Each structure stands twice: as C-alpha cells, then as structure tokens.
1. Criterion first (more than 16 Å from residue 14 (Cα to Cα) and in contact (Cβ under 8 Å) with a residue 60 or more places away in the chain) does residue 197 satisfy it?
2. State which residue is nearest to residue 36 (Cα to Cα) when the search covers only segment 146-194 and only residues that are assigned to a helix (DSSP H, G or I) and among the acidic types (Asp, Glu).
3. Suppose we filter 117, 172, 155 for residues that are over 29 Å from residue 189 (Cβ atoms) and small (Gly, Ala, Ser); which single one remains?
4. Applying the selection to segment 142-201, what residues are aromatic (Phe, Trp, Tyr) and under 18 Å from residue 109 (Cβ atoms)?
5. Could we say that residue 127 is surrounded by 24 or more Cβ atoms within 10 Å (Cβ to Cβ) and in contact with a helix residue (DSSP H, G or I) (Cβ under 6 Å, 6 or more places away or on another chain) here?
6. Hey, could you check segment 51-100 for residues that are in contact with a helix residue (DSSP H, G or I) (Cβ under 6 Å, 6 or more places away or on another chain), of a type outside the set (S, T, N, Q) and closer than 22 Å to residue 132 by Cβ and say which is modelled with the highest pLDDT?
7. Within segment 137-146, identify whether any single residue is surrounded by 14 or more Cβ atoms within 10 Å (Cβ to Cβ) and either at positive phi or at pLDDT below 85 (or both), and answer yes or no.
8. Quick check on this structure: which one of 47, 15, 3 is loosely packed, with under 15 Cβ neighbours inside 10 Å and in a helix (DSSP H, G or I)?
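The values are calculated or read from the model by the stated rules, or taken from the named source; none is laboratory data. These numbers come from a predicted model, not from an experiment. Neighbour counts run over all protein chains shown; Cβ positions are idealised from the backbone, glycine included.
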Amino acid sequence: MFAAMLISLGVVFLAELGDKSQLITLTYALRHRWWVVLGGVSIAAFAIHGISVTVGHFLGLTLPARPISAIAGVAFIGFAAWTWRERITSTPGETQIREPRFVLLAVVSSVLLAELGDKTMLATVALASDRNWLGVWLGATAGMVLADAVAIAAGTVLHRRLPEHLLHTAAGLLFLSCGLWILFDEALDWRPVAIASIVAVVAMALGTALWRASLRRSGLAAGEGPTAQQQIPPTAV
C-alpha cells in the first residue's frame, strides 16, 4: 500500500504540473480565499481519484473521454462569460463578498470537469488496475492537492498585488483559453485549431490592453493641456 501511495503521488504530482486543472486553480486563487480554493481542490481530487480507482481496479472500464471533454470545454467557456459579466456589472471600487460555499461548489465542479477523462485520471486508472487501490487513491489525491497548492500560493500572491478589474479579466481569459483548448484539442482532436484559438485570444487581449493604454494616455494628455496653458503667465504688454 505504501509503495502504491508513493508511486501515485509522484506520478500525479508531475502530471499536474502545468496541467489545465492547475491553471484553473490559479484562476480561482486570483479572486477568492486560498483556504476555500484548497478545500474545493481537495474535495474534487478525492472524488475524481475515487472514481478513477473504482473504474480501474473494480470495473476495468474506460471512460468516454471525448464527450466528457466537449461538455467540459463548453462549461469553461460559460465560466469565462460569467466572470466577465461580474466584471461588467460590478461597481468600480466595490468589493464583492461571495459566500464561501458557493465558491467551494464552483471550484469542485470546475476541477471535476477538467479532470474527467484527463491524463491524470487515466494515469490513476492505470495505476489502480494492478496496485493497491487504497494506496493509489490516497497517493493520487495527495499528489494533485500538492501540485494545485503551488498554483494557489501563486494566485494568492497575485491577488494581493493586482487590482480587482485586472484579476477579473485575467480569470476570464484563463477560463476561455482552457475551454477552447479542451473543446478543440481534447474533444475534437483539432490541435492546430486549438493553438490558433489560444493565439487569437492572447492577441486580442494584448491588442485591447494596448488600445486602452493609449486611450488613457490620450486622456491624460488632453487633461493636462489646458492646465499647462493656464499656468503660463500672461505676456506683459
């Protein structure tokens, strides 16, 4: 059991580094309390690897990865739209207080959708097929929580240093990118389209940021012009 736990912990931890669920965890940590996000990740990890162990050890089945990925991709695009809706409808300077239980539910559902049919889940299924199921379950859960804890730490630091509107925008872009990648690459197996869509999202985000920056500079210049003229003393006649 102990050997199965260590192997599963190492495999899942390495598989989660840079994975979309880690990116999703970072997205939530940008805007919500770290302990709520960590709790949601822990519940989701325990559940998803419990399903994996059941499938691999007790049932010996395979999951329909593409239909699950299609549902997950559409869901994450919906998460992006919801995040931007919050950004538009919120009052500038207003701090929105969200119930921890609602955030917890959102984190759990997002991570579950991201992990269903993912390589981490498939690795757990394979490990559970010929190893101690309890050790694989506990080790895989611990590995996923540890990997996502790294993302939570990074998100918490950024949350303290970045303005709220920028966090909303970044969260929406991350959700949209994850949704497009899952939909085109994992569900439809159109990797070139997935890459092109991510590049397009990044290009649009950078273009919008540069455009807004130029507008702000123009506004500042227009506002400073009359002031500067008023400070010029009249020419003596």
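1. Working: more than 16 Å from residue 14 (Cα to Cα): yes; in contact (Cβ under 8 Å) with a residue 60 or more places away in the chain: no.
When the stated conditions are applied, residue 197 does not pass them.
2. So in segment 146-194, the residues assigned to a helix (DSSP H, G or I) come out as 146-161, 164-187, 191-194.
Those still in the list that are among the acidic types (Asp, Glu) too: 148, 164, 185-186.
Numbers: 148: 13, 164: 18, 185: 30, 186: 29 Å.
Top of the filtered list is 148.
3. On the way: 117 fails: over 29 Å from residue 189 (Cβ atoms); 172 fails: over 29 Å from residue 189 (Cβ atoms).
Going through 117, 172, 155 in turn, the sole match is 155.
4. Taking segment 142-201 first, the residues aromatic (Phe, Trp, Tyr) are 175, 181, 184, 190.
Matches in segment 142-201: 175 only.
5. On the way: surrounded by 24 or more Cβ atoms within 10 Å (Cβ to Cβ): yes; in contact with a helix residue (DSSP H, G or I) (Cβ under 6 Å, 6 or more places away or on another chain): yes.
So residue 127 fits the description; yes.
6. Keep residues of segment 51-100 that are in contact with a helix residue (DSSP H, G or I) (Cβ under 6 Å, 6 or more places away or on another chain), which gives 52-53, 55-57, 61, 66, 69-70, 72-73, 75-77, 79-80, 83-84, 87, 100.
Subset that is of a type outside the set (S, T, N, Q): 53, 55-57, 61, 66, 70, 72-73, 75-77, 79-80, 84, 87, 100.
Pick out the ones that are also closer than 22 Å to residue 132 by Cβ and you get 53, 55-57, 61.
On the way: 53: 90, 55: 83, 56: 79, 57: 78, 61: 60.
Going through the qualifying residues, I end up with 53.
7. no
8. Result of the check over 47, 15, 3: 3.
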